[in-house]
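Read-outs throughout are calculated quantities, based only on the coordinates presented, and are distinct from any laboratory measurement. Note that the structure is predicted; figures quoted are calculated from it, not measured. When we count neighbours, we look across all protein chains shown, and the Cβ atoms used for this are built from the backbone with ideal geometry, even at glycine.
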Amino acid sequence: MQRKPISDGSLRLHDTSKETHMKIIHITDNHLVTPGDLLDGTDPLDRLDACIEAVNAHQGDAEFCVFSGDIADRGSTDVYQAFRRSAEKLTMDYHLMLGNHDDRDIFRENFPEVPADEYGFIQQAIKTDLGHILLLDTNAGMASWGEYCDQRTQWLRTQLAAAEGKPVYIFMHHPPFDIGLPSMDRIKLRDTQNFETAIEGFSNIRHIFLGHVHRTVYGTWKDISFSILPGTNHQVAFNFDVIRPVPHSLEPPAYGMVLIKQDQVTVHPHFYLENKDLPVRQDAERVK
Ligand SMILES: [Fe+2]
């Protein structure tokens with residue numbers, strides 16, 4: 001089933017627990033290379049396809065999926081077209097963002113339907129009944145770290161004002177703060193003043209969803225909760241000594257199942273290549 005990488009923002013709402021909630025899927029850091037090639041000994045395209053298969057199998061009631069950047073290990077038409085062929089297998093709409101490994105110009109050539117802001121940055125606002133979801137572009141050209149320039153800041157400020165106090169959920173590739181992991185803190189969002197100024201005075205930002213770090217990390221920053229997920233190919237090692245080059249690991253990949261309610265955000269990482277469930281009793285009580 002072919003899906004469009006854009007949505008008109010009109011969403012269904014679920015009522016499985018007598019409370020209105022919305023499920024979305026967060027996938028990050030796919031790092032696709034030329035189809036058939038390996039990266040860190042594994043096939044990023046195979047692992048993305050396995051992720052999409054798991055999402056389709058378990059998350060058919062999700063509203064949409066957000067890919068939060070580093071779609072490519074090095075942006076090229078071959079890689080972006082391979083990504084499109086895989087993403088089109090999703091049974092839900094999907095939205096795309098840039099990471100530091102992506103190439104904005106080549107991305108725009110290959111995904112002309114993905115909204116950009118008035119300055120050409122890959123930023124968009126998705127309006128839902130449970131709040132506004134903002135997808136930010138922190139790509140800094142060839143650099144590994146992120147940047148948020150004056151133009152992007154102006155767009156964000158406008159979007160935050162347009163939300164008129166409704167809940168806002170932000171997706172951005174680079175964390176705008178340290179997480180205590182030296183190799184990633186070195187390449188976080190740089191010069192965070194613009195971003196911090198943009199969000200200043202807005203108490204309606206409920207959660208920040210991040211990529212870049214290739215690990216499961218969660219916490220709060222400025223009283224805003226945040227979550228970071230593993231990538232779908234390789235991970236960053238649990239190594240707090242090395243600064244550069246970034247140490248990698250083969251810990252398992254995951255995507256995130258995100259449940260949003262009026263007063264709660266819940267993120268469940270699903271390590272979709274692991275199959276270690278113990279048998280469930282036949283007479284187990286099940287959800288109807
Ligand atoms: Fe990455």
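Worth pointing out:
- Scanning the chain for GluC sites (Glu not before Pro) lying in DSSP loops with no more than 10 further Cβ atoms inside 10 Å, the longest uninterrupted stretch between such sites is 1-112.
- Taking amide H as placed 1.01 Å from N in the peptide plane, the amide H of THR232 sits under 5 Å from that of THR28, ASN30, each at least 5 places away or on another chain.
- Rounded, prolate or oblate (a/c below 1.5 giving rounded, otherwise prolate when a/b exceeds b/c) for region 163-288 by Cα gyration tensor: oblate
- For region 139-246, the set of chymotrypsin sites (Phe, Trp or Tyr not before Pro) satisfying both a DSSP loop assignment and a count of at most 11 other C-beta atoms within 10 Å is given as PHE238, PHE240.
- Its Cα centre serving as origin, the chain has a Cβ charge dipole (Lys and Arg +1, Asp and Glu -1) of approximately 500 debye.
- For region 21-270, average projected area of the Cα convex hull in nm²: 12.1 nm²
- Across region 246-254, rounded Karplus estimates of 3J(HN,Hα) from the backbone phi angles (6.51 cos²θ - 1.76 cosθ + 1.60, θ = phi - 60°) give 4, x, 9, 9, 10, 4, x, x, 8 Hz, Gly and Pro being marked x.
- Most positive-pole-ward Cα, GLY69, HIS268, ILE243, against dipole of region 21-270 from beta carbon charges: HIS268
- Region 227-288 and region 78-149: distance between their alpha carbon centers, rounded to Å: 23 Å
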